[in-house]
Amino acid sequence: MLRRLFCLLLALPLAAQKVALSLDDAPSLRPSPILTAPAQHEAMLKTLKDRKVQAILFTNGVNGGDSPEGRAIFRAWSAAGHRLANHSYSHWDLNRDEVTLAAYEADVLKGEALIRDVPGFTRLYRYPFLRAGNTVAKRDGFYAFLKTRGVAIGHVSIDTADWLLDERLRKRLEREPKADLAPYRDLYLKHLWACARFYDAWSREVFGREIPHVILMHSRLLNGLFLGDVIDFFRAQGWTWVDPAIAFADPVYALTPKNLPGGEALADAVSAERGDQGFVKAWRARSKDPDDLLFSEGRLTVRMDQLGL
Ligand SMILES: [Zn+2]
């Protein structure tokens, strides 16, 4: 009996990380060569239901949120028990000089109005491009604005470039609607896994402990097609998908880093705040497998070119 228990323990995966799924730029009604936007959302919702995973959508007005189809998509996510939070109306970049704090705040309120009355609305704000301001006045002014309104930052702990693969996949399908998509799926999983290991190691170094992660992916065709593969892959690596509310309840998600320009993924922002940027260099130096470096947009682009994707 003991021996059997011991063997069972040995067989358990080493990593036991927790991760919550966040999908930005919803609903994204851009026409796609193979799945309509509503069909992409239906596919994602079915995948999440079948696998019992709860997600949070970060919504915009400009991506179709301010339209009857967009509102219907928000209601479908809400009815399925998922959360919705604000990602602004216009998806502006707060680090740009021409984006003033006053205009940005008005745009954020306009975005919030689209979902405020939808069940599952959650008082979190995610910065477009993860950019939190190019001046101290804008950065801290917006922190104060959020605080006054009782809204927390919808921080990301694992950033990804799923959008980059999605763009390539769309272009391919426009040329060749029956193209074999398996190589896109395989590279997508390698990319996400490289991102997860990179940001997990970085977070452990910065916070001195395991944190529950929040991964940033997008409401896009790629996830309409492969979200189930992503969930299954992480589970096979020993990771657990958790309710976003559980991840966001960890104290690291209440941080307001004072890096400048502001924003970026949590480990990155806090490292920059401390003036310590040694991790990325050390991680690159330590990596032996080229797949380990696929977290980088540059490396991912080179690999897509090599594979003809
Ligand atoms: Zn976005």
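Things worth noting here:
- Checked against (1) exposed (fewer than 12 other Cβ atoms within 10 Å of the Cβ); (2) part of a helix (DSSP H, G or I); (3) not basic (Lys, Arg), residue 292 passes all but condition (1).
- Selection of segment 108-135 for residues being surrounded by fewer than 16 Cβ atoms within 10 Å (Cβ to Cβ), within 16 Å of the ligand (Cβ to nearest atom) and either within 22 Å of the chain's Cα centre (by Cα) or closer than 19 Å to residue 248 by Cα (or both) yields only 129.
- Tally, over segment 148-165, of residues that are within 19 Å of residue 260 (Cα to Cα) and within 16 Å of the ligand (Cβ to nearest atom): 5
- Identity of the residue in segment 72-90, assigned to a loop (DSSP other than H, G, I, E, B) and surrounded by fewer than 21 Cβ atoms within 10 Å (Cβ to Cβ), that ends up nearest to the ligand (Cβ to nearest atom): 90
- Only listed residue being surrounded by fewer than 19 Cβ atoms within 10 Å (Cβ to Cβ), among the aliphatic types (A, V, I, L, M) and either out of contact with any helix residue (DSSP H, G or I) (no Cβ under 9 Å at 6 or more places or on another chain) or not in a helix (DSSP H, G or I) (or both), chosen from 35, 57, 29: 35
- Test for residue 293: is it in contact with a Leu (Cβ under 7 Å, 6 or more places away or on another chain), under 23 Å from residue 130 (Cα atoms) and among the aliphatic types (A, V, I, L, M): no
- Checked against (1) under 20 Å from residue 260 (Cα atoms); (2) touching a Lys or Arg at 6+ places or on another chain (Cβ under 9 Å); (3) without any contact (Cβ under 8 Å) to a residue 60 or more places away in the chain; (4) away from the ligand (no atom under 16 Å from the Cβ), residue 145 passes all but a single condition, namely (2).
- Each residue in segment 230-258 was checked for being under 16 Å from the mean Cα position of the chain (by Cα) and among the acidic types (Asp, Glu), and 1 of them qualify.
- Residue among 185, 139, 170, 175 that alone is away from the ligand (no atom under 16 Å from the Cβ) and surrounded by fewer than 16 Cβ atoms within 10 Å (Cβ to Cβ): 175
- Condition met for residue 93 (closer than 29 Å to residue 71 by Cβ, assigned to a loop (DSSP other than H, G, I, E, B), at pLDDT 95 or above and within 16 Å of the ligand (Cβ to nearest atom)): yes
- Exclusive hit being in contact with a Pro (Cβ under 8 Å, 6 or more places away or on another chain), surrounded by fewer than 20 Cβ atoms within 10 Å (Cβ to Cβ) and either outside any loop (DSSP other than H, G, I, E, B) or at pLDDT 95 or above (or both), set 98, 69, 105: 69
- Odd one out for residue 300, checked against (1) of a type in the set (A, V, I, L, M, F, W, C); (2) touching a Leu at 6+ places or on another chain (Cβ under 6 Å); (3) surrounded by fewer than 20 Cβ atoms within 10 Å (Cβ to Cβ): (3)
The values are calculated or read from the model by the stated rules, or taken from the named source; none is laboratory data. Just so it is clear, the model here is predicted, and its values are computed rather than measured. Methodologically, a virtual Cβ is constructed for each residue, glycine included, from the backbone with ideal geometry; neighbour enumeration extends over all protein chains shown.
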